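A short worksheet on the structure shown next.
The values are calculated or read from the model by the stated rules, or taken from the named source; none is laboratory data. The structure presented is a predicted model; accordingly, all values stated were derived computationally and were not measured. Every residue, glycine as well, gets a Cβ built from its backbone with ideal geometry; the counts of neighbours run over all protein chains shown. Ligands, DNA and RNA are stripped out before the accessible areas are found, and what is left, the full protein with its side chains, is counted by its heavy atoms. Shrake-Rupley method; radii C 1.70, N 1.55, O 1.52, S 1.80 Å.
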Amino acid sequence: MAGTMMIKLVFSGGLELLFSNERNQSVLIPSFVPSDNSTHSSPSSSSSTPSSYNDTPSTGETKAADLEYLIYHLRDHLLKERPELFMENGTIRPGILVLINNTDWELEGEGSYQLRNNDEIVFISTLHGG
Amino acid sequence: MSSCGNPAVEEQALMPRRSKFGKSKDCVRCRLKPGNIVIRHAVYCKECFTPIVELKFRKALEPSVNARAGTSKRPKLKASGNLCLGFSGGLGSSILLDMVHNTYFSNQPPLDDSGKPRGGINHPRNASVWPSCIVCYVEVCGAFPGMQDKTEDIRTIVEQYPSFDFVPLRIEDAFDESWWTKVSGSNSTPQVWLELSKEGLITDGLHVASKVTGLTPVEAIRLYLSSLPTQTAISSALQNLTRVLILHTAHSGGSSHLLFGSSLTSLSISLLSAISQGGGYAIREELQEEWAPVATSGSKPSNVLRVIRPLRDVTAKECAVYAWWNNVSVIGRDKQRRAILGIAALTKNFVVGLEKDYPSTVSTIARTCEKLEPKDAPSGQCRLCKRPMQSAIQEWKGRISIRSYSDDKLAADLAHIPLPCRSNLDTSTPSQVPPLLALTDFLCYSCHTTLTSRSSRGVKQTAPGISSVTPLPIWVGDRGLHGDGLMGGGARRKIPEQEMLDTVANFLIDKQDDEE
């Protein structure tokens, strides 16, 4: 599909339980997304997915798809239960490690990292303790 | 971007967020490759990261391997017994299993160019430090109806390491006389039961019931947990039961070392949580301890078990990345168990949130606790949690809490509480309870608080038909409970008056000296 990117996702450390127990998934993300991270008209949305938590219409301004948008997209379209265990205060919940192509997202600008086609994003929960 | 919170400045004048790493994105160790991970403001590449974590593991463990420190700076490692690993299925213990296997039990040592074992003869992989290793897992599904039994999943994980022997335990073993007989050799330990008050509360007096009701171990543990007053108490009780089960299993199996996979993050959480629940006296034992069961009088002292947490310098983030890059499979803990609320869960949320923005503070918590030391020597070992017990706890509680009522109306309200439990509340009424039935002096402050704390959400009501007693773990009744304070094993002894006088005789000032 024109203007979209394929992003590979991996969930580990128990986080896969929130995403239909599927460790490896992939999503189609538009190259340009609403600046307010609205996921209402995402190419991955369908009638079988849970209703979006962010149903307010987009203001029209767009930005290059970044990791912050991807997190909203996952919450609104792939997450099956307990959104508070994945997202908190508009970002990933503390205790969840994010790797972008095997690199810590803190080195790549965290939520402002601009996604590229075939990027691999790994979400690992560190909350299972010892 | 973060706001400084000053309402006088422009709303858009936001303070730039502090960078989470140094100036360069290259690895600080090799300085050749771009970094892959940020650990407490330091950047490491993937190749340098794993050896650093393994080095931290060995530095935390190896100084405690040999029974005696010796004078050599790099002694040959040789333990006096075998090794026991506490395994929960969580992140830290999964990594512990992997590291211990790779470092000390791997059968194929890498060779250098000359064909000799790399690292020299003193390298851990080339010498048998421990002759064998057992992996203990405690299944808790018996305590919670409907929880899935994960023992076989855990067994599958442990079988990936053929050098390890799997020893599955169940949480209800704490109430199983047959298990206690196997680990202690004692076959006549009485089951201790606590008398409950009319409202179903474990009373402050902690009096032992006179009657005994036969229950299966599963029924006993469910009754015990349901009798606890708060969610915090349930969480704490489960941790104590798990730890004591593993302690006794390791000790009876001839282990000289018991390792737990607590990461720095988990350790900081447990330290703060323990202090919050009155366990500050045993804070050093939370970090590392040398443990042995209290011996009965006349028997020889048993070997000491060193309890170590070798991942105590490795954060949860490092554990997660290590597991990911080294393909260590992590089962994780059951969601139902992790959902238990209380101080432990609240502390975890606090510390994990703190670690995100201020990663060094988590290390500060552990480092500060390492410097703490109790003022006086312990007066014995707590019967419930098997940790050192502070002396004069009841006297201290008596100084800080209300122990008597002068108001007639309040005194009359005591009438609904059974007589044996009333003595601690109403000092105007002479106690009619023989000392034999009081458990209070055998418990540390933390365990006493666990059993008697009150929830702000109100008290639980005892359902009709439910027994008015609650069982305690089987080891509480070990060596009996004697009213004269003589517990055996030298844990606590009532000193006769003449002996006390003889001890202080040299320090007494005679009346004759005063007159002179």
Q | Exclusive hit being closer than 23 Å to B:HIS41 by Cβ, surrounded by 18 or more Cβ atoms within 10 Å (Cβ to Cβ), within 14 Å of another protein chain (Cβ to nearest Cβ) and at pLDDT 90 or above, set A:THR103, A:THR91 | A | A:THR103
Q: Give segment A:1-20 a look and list any residue that's open to solvent by 30 Å² or more (accessible area, probe 1.4 Å), in contact (Cβ under 8 Å) with a residue 24 or more places away in the chain and of a type in the set (A, V, I, L, M), or say none.
A: A:MET1, A:MET6
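Of all the residues that make up segment B:19-63, how many are part of a strand (DSSP E or B) and of a type in the set (Val, Ile, Thr)? So that I can check it myself, show each step before the final result.
Of the residues in segment B:19-63, the ones part of a strand (DSSP E or B) are B:21, B:26, B:34, B:37-39, B:41-44.
Subsequent filtering for residues that are of a type in the set (Val, Ile, Thr) retains B:37-39, B:43.
So the answer is 4.
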Q) Any idea which residue in segment B:21-39 is nearest to the other protein chains (Cβ to nearest Cβ), counting only those that are open to solvent by 80 Å² or more (accessible area, probe 1.4 Å) and at pLDDT 85 or above? A) B:LYS25
Q. Out of the residues in segment A:76-130 that are of a type outside the set (A, V, I, L, M) and part of a strand (DSSP E or B), which is nearest to A:HIS40 (Cα to Cα)?
A. A:THR91
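Within segment B:373-384, count every residue that is open to solvent by 70 Å² or more (accessible area, probe 1.4 Å) and either in contact with a strand residue (DSSP E or B) (Cβ under 9 Å, 6 or more places away or on another chain) or at pLDDT 90 or above (or both). So that I can check it myself, show each step before the final result.
Of all residues in segment B:373-384, those open to solvent by 70 Å² or more (accessible area, probe 1.4 Å) come to B:373, B:375, B:377-378.
Pick out the ones that are also either in contact with a strand residue (DSSP E or B) (Cβ under 9 Å, 6 or more places away or on another chain) or at pLDDT 90 or above (or both) and you get B:377-378.
Final tally of qualifying residues: 2.
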Q.
Here is a check on your reading of the model: is B:ALA282 under 11 Å from the mean Cα position of the chain (by Cα) and either more than 12 Å from chain A (Cβ to nearest Cβ) or open to solvent by 30 Å² or more (accessible area, probe 1.4 Å) (or both)?
A. yes
Q) From the list B:ASP313, B:ASP334, which residue is acidic (Asp, Glu) and at pLDDT 90 or above? A) B:ASP313
Q: Residue by residue through segment A:21-35, note down the ones that are in a loop (DSSP other than H, G, I, E, B) and open to solvent by less than 60 Å² (accessible area, probe 1.4 Å).
A: A:SER31, A:SER35
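Mind checking which residues of segment B:252-267 are away from chain A (no Cβ under 14 Å) and within 16 Å of the chain's Cα centre (by Cα)? Please lay out each step first, then the result.
Our first condition is that a residue be away from chain A (no Cβ under 14 Å); within segment B:252-267, this holds for B:252-257.
Selection gives B:HIS257 alone.
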